[in-house]
Structures are given as C-alpha cells and as structure tokens.
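Working notes for the structure below.
Values quoted throughout were computed directly from the atomic coordinates according to the rules given, and no laboratory measurement underlies them. Everything numeric in this text was worked out from a predicted model, so none of it was measured. Every residue, glycine as well, gets a Cβ built from its backbone with ideal geometry; the counts of neighbours run over all protein chains shown.
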Amino acid sequence: MSAFFFILFYVWHGLVERHHPRIVKLEYRAPDQSKVRENLYFVGKGVTYDTGGADIKAGGVMRASVAGFLKTVSLLAPEHVNITAGLSFVRNSVGSNSYVSDEVILSRAGVRVLIGNTDAEGRLVMTDLLTEFKDAALAEREANSAPSILFTVATLTGHALRAYGGYGIALDTNVSARQLRVSRRIFDAGHVWGDPFEISTLRRDDMEAVAPGSTSEDVVQANDKPSSATMRGHQFPAGYLVIASGLDKHGSSAVPEQRVAYTHLDIAGSAETLDGVGLSLPTVTGSPVPALAGAFLL
C-alpha cells in the first residue's frame, strides 16, 4: 500500500509500528445501475492524534464525518447514486524520524510537494486518495454516463472557524462542479435540514499562493503560520489539493470527457460544538451528514 499512498506513509514515517496508517474504503452501489444519476466519491481523514509533528502544537483527535455519511447511505439505500468513500487514518506524531518542513515529497500523481508546515498534515493524507478517486471517476464513465463528483471532507483549517464560525464551508474548485451546482445544492439542503453551510470560492490568488518558488517543487503544501493567521487560509488548501492530486489537468482546460467535478468541504467549524461539557471533548454535531443527505440522497 505504501507505494500508492506515499504521502500518508511519509506523515507516519515509521515512528511507531503499532500506529501504522490505514486506508479504509467504503462503497455503495445502487441496485439498478440503469437508474444511477450521479457517482459520488468522498475523501476523508482521521488524524487520530495530532501533535503537529515537528511543528509542534498541543492537539487532539479529529473527526471522520465521511464514515457517518456512509452509514446514512446504508440506511436510506438510494436508487439514484453510487457512492465510494475513502478515509486516511494516521497519527501525526513527533520523533526522531518525523518528516520536517522543507522536505519534498512525491505524490501519487507524480507532483513534487514542498512541505511548509508539518501541522498541515490533513491535506497531505487526503492527496493520494483524491488522485486514486480521480482516476476511478474517469474510469467510471466507461460503465455509465452519469456525472462523477469528487469531494474532500475534513475539519481542515482554523481559518474556516475564524471566517464563518460554526458553519461548514463548501467550495467548488472547478467549472464542472459549478455547472452541477454542487456547493449550491449543499447550501440549499443545509438550510432545509438544519445543517447550514456557507459557500466559498477558489480564486487565482489561492493557486498562486501554492505555486512553486524554485525548480525543486511543483506545489507548496502550506506556509509556516497557522491558517487562522493567514489570508485566505481555508481557500488555498483546496488549491494545493487540486494541484497535488493532478486535478488541475482535469478542469476547464481539459477536453469535456476528461473533466472531473471536485468540491472541497471544510467542516472545522460545524463538525463539533465549540466547547465541551466540563473538561470533556467537544460534542460531535453530525455535520455535514444532513446537508449531504439532503443534497444527494433524498
């Protein structure tokens, strides 16, 4: 598996064998494929403990909301969608073998990633799964003509919380996603089902922010500051994911049959309450399950 998910294994870096990373895949296929109208691919993560790596912080667990959505799918058994989900599980530990800033890692898509901050591991561990699902979405077109939509879903940045408080953020990264109204559907469904989302926008600035500064890299993973202290701190990570996964080759400049819709959801503000009860952990809210179910299952 390490040959196909090199970045995930690089974050782990063999620090502790019992903390070996895992890829978990879940799949739902509609019983009658002739009724399928959309193929949905979800990439999520579970950083089960996050020290920040070599860029140390006081941290804790993160939520794996994609698994909750697939449980809902299994209960509703929709007839009009195929759904594939993948989750990257890893500890972002610190130790003598930790990966560090200024290293260059090769992604599954063959993109050279310059590490800027080891505490921005979430976008890293989703990168290679996003590449795999991009390839799967293109292959799916040979089986059925229904459009495919890729998603990354994560409690990714503190900037999302600073920008929108306790609301999730939907961000269409390319024209294919905008044409399918992906973010708008999530926004509308969220208001109906009590899981409100805000819509954000990927702009040229976000792609330029992660552009290579030398011939040694193709994309920069992050800067050395917290996202909450960085302008457009929840938008530019989506720009990184587009480039590092190879999805920049499947946007508006690609021929129509090679275009793949991709929408990024940052649920750092909505996945859990801002405060726990007493000294306990914050309460998980269930977001974005209601919004996604309303937008794509019902």
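Cross-link candidates for K134: which lysines have Cα within less than 24 Å, leaving aside residues fewer than 8 places away along the same chain?
The reachable lysines, counting only those whose Cα sits under 24 Å from K134, are K25, K35, K45, K71, K249.
If packing is taken as the average number of other Cβ atoms within 10 Å across a peptide's residues, how do 231-241, 120-130 rank, most packed first?
Working: 231-241: 24.4, 120-130: 26.9.
In descending order of packing, they fall as 120-130, 231-241.
Report, for the chain, the % of DSSP beta bridges that are antiparallel, rounded to 5.
Working: 16 of 46 bridges.
Here the share of antiparallel DSSP bridges comes out near 35 percent.
Rounded, prolate or oblate, given the Cα gyration tensor of segment 188-298, with a/c below 1.5 counting as rounded? Before the final figure, lay out each step's value.
On the way: a/c = 2.88, a/b = 1.37, b/c = 2.10.
Cα axes put segment 188-298 in the oblate bin.
If I take R0 = 30 Å and measure r between the Cβ atoms of S96 and L281 in this structure, what FRET efficiency does the formula 1/(1 + (r/R0)^6) give, to the nearest 0.05?
0.50
If we count other beta carbons within 10 Å of each Cβ, what is the order of T283, T84, fewest first?
Working: T283 12, T84 22.
With the fewest neighbours first, T283, T84 line up as T283, T84.
Scaled to the compact-protein estimate 2.2 N^0.38 Å, what is the alpha-carbon radius of gyration of segment 6-296, rounded to two decimal places? Walk me through the intermediate numbers first.
Numbers: Rg = 18.0 Å, N = 291, 2.2 N^0.38 = 19.0 Å.
My calculation over the Cα atoms of segment 6-296 gives 0.95.
Can you sort D224, D218, D275 so the residue with the fewest Cβ neighbours within 10 Å comes first?
Working: D224 12, D218 19, D275 9.
Neighbour counts put them in this order, fewest first: D275, D224, D218.
Hey, fewest Cβ within 10 Å first, where do V277, V43, V192, V289 land in order?
Details: V277 9, V43 29, V192 13, V289 22.
Least to most surrounded, the residues fall as V277, V192, V289, V43.
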